[in-house]
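One structure below.
Just so it is clear, none of the values below were taken in a lab; they were calculated from the coordinates. Owing to the predicted nature of the structure, the values given are computational and were not obtained by experimental measurement. Backbone-built Cβ (ideal geometry, glycine too); neighbour counts: all protein chains shown.
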Amino acid sequence: MDLRWFILIPLLLSCRPSLRKIIIDNDFALVRPGDYPGFTIPYRETERTKLIAKEIDQELLNLIVQRVYPCVGRLRYDYMSTRLDPESGNEVIRYFGRLRDDPLIAGYQIQFIFNGPGRLVLICVAPVPLE
């Protein structure tokens, strides 16, 4: 990776509003029930995705899920993967929160979809069935 990106990416990210501010100030308008509609392939973590992941905290993850599924209690969410939609170029950062003792649902996933240099365009929230 070109050394200029290590300087440019943090600079660009520091100039934009935080994810929390974008999500909450827009009254969770980017949050939708369901899975990401595109096809994705495994993708490596980049400096950008690592910086974005630092902004995503447990409180925010719980607020997002409870906006779509109000009956879900507080869960502990873990980062699971970064994936790439090769057709659109979207990066999808996935988190998963495990439910305990549910006979049908393993937990809930949250997918943050970014298009371009860190621009959040959609958040998908879905239950994950037990397999």
For Gly107, what residues show an amide H to amide H distance below 5 Å, using hydrogens built from the backbone and excluding near sequence neighbours? Leu99, Val128
A correct Karplus calculation of ³J(HN,Hα) over the range 30-38, with 6.51 cos²θ - 1.76 cosθ + 1.60, θ = phi - 60°, whole Hz and x for Gly and Pro, returns 7, 8, 9, x, x, 8, 4, x, x
If amide hydrogens are placed 1.01 Å from N in the peptide plane, which non-local residues have theirs closer than 5 Å to the one on Asn90? Asp85
Value of [θ]222 nm, deg cm²/dmol, for the chain, DSSP H segments ≥ 4, -39500 (n - 2.57) each, nearest 500: -9000 deg cm²/dmol
Which distance in nm do the two modelled labels at Cys71 and Tyr43 give, with both placed 7 Å along the Cα-to-Cβ direction? 3.4 nm
In percent, how large is the relative contact order of the chain, given Cα pairs closer than 8 Å and 6 or more residues apart? 24 percent
Where the convex hull is taken over the Cα atoms of the chain, what is its projected area averaged over directions, in nm²? 8.3 nm²
